[in-house]
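The block underneath contains the structure these notes are about, expressed in structure tokens.
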Amino acid sequence: MAKASNAETVFVLCVGTPFTAGAERRADAGIFAVELVGNEPTLKDHWYASEDPNVVVPQGSLVSFDEHTVGFSGNAESNHDEFWILDFSTRSGQLLYEAEESFVLGQGSFSQGTQLLFVPHTKLGLLRYKREDSGELSALPTINVSPSRKLPPREIRILSLND
């Protein structure tokens, strides 16, 4: 689950039926935008992976950019990690990063204050992107957070983004 900056929209990830093939999981996997009005949650929008067979089936944690844009990771059919950006307003996905292997991407974080996206990578460190005024993401140099030993992505966390 990821909360949008306006605090009224929450994105919820449904990974589909675990331990099934990608094509089977694709039918059930999706991302749901839930609007919080008072204490009442209402389904605002939804996107199923079956809507676009070119977009990876989401299985990693969600990163919210705003009330209609969310990022996520997944493992492609060719067995490597990918990080995607999904725009609910256009119903389109954009491949942001494609790794050469599996289980190398961790939970990403986005700072509204600095407009920086951080995605942990086991071998490279932190992948960094700057969100421009247009909404496009520009790659910045990576930060090697573990030069003496390579940490698995689950061990790399953004402690505070100070927004």
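The values are calculated or read from the model by the stated rules, or taken from the named source; none is laboratory data. Quick caveat, the model's predicted, so the values are computed rather than measured. For neighbour counting, all protein chains shown are included, and Cβ atoms are generated from backbone atoms with ideal geometry for every residue, glycine included. Heavy atoms of the whole protein, side chains included, go into the accessibility calculation; ligands, DNA and RNA do not. Shrake-Rupley method; radii C 1.70, N 1.55, O 1.52, S 1.80 Å.
Each residue in region 30-66 was checked for being within 19 Å of PHE118 (Cα to Cα) and not in a strand (DSSP E or B), and 4 pass.
Among the residues of region 112-128, those identified as closer than 14 Å to PHE65 by Cα and either at pLDDT below 90 or touching a Phe, Trp or Tyr at 6+ places or on another chain (Cβ under 8 Å) (or both) are GLN112, GLY113, LEU116, LEU117, PHE118, VAL119. For region 126-144, a tally of residues being touching a residue at least 24 places away in the same chain (Cβ under 8 Å) and either open to solvent by 70 Å² or more (accessible area, probe 1.4 Å) or of a type in the set (Gly, Ala, Ser) (or both) returns 1.
Looking at region 82-103, can you tell me whether even one residue there is open to solvent by 70 Å² or more (accessible area, probe 1.4 Å), in a strand (DSSP E or B), without any contact (Cβ under 8 Å) to a residue 60 or more places away in the chain and of a type in the set (Asp, Glu)? Yes, region 82-103 has at least one match.
Whether a residue is in a loop (DSSP other than H, G, I, E, B), in contact with a strand residue (DSSP E or B) (Cβ under 8 Å, 6 or more places away or on another chain), among the polar types (S, T, N, Q) and over 25 Å from VAL34 (Cα atoms) was assessed, and SER78 does not pass this test. Just one of the listed residues (GLN107, GLN115) is on the phi > 0 side of the Ramachandran plot and open to solvent by 30 Å² or more (accessible area, probe 1.4 Å), namely GLN115.
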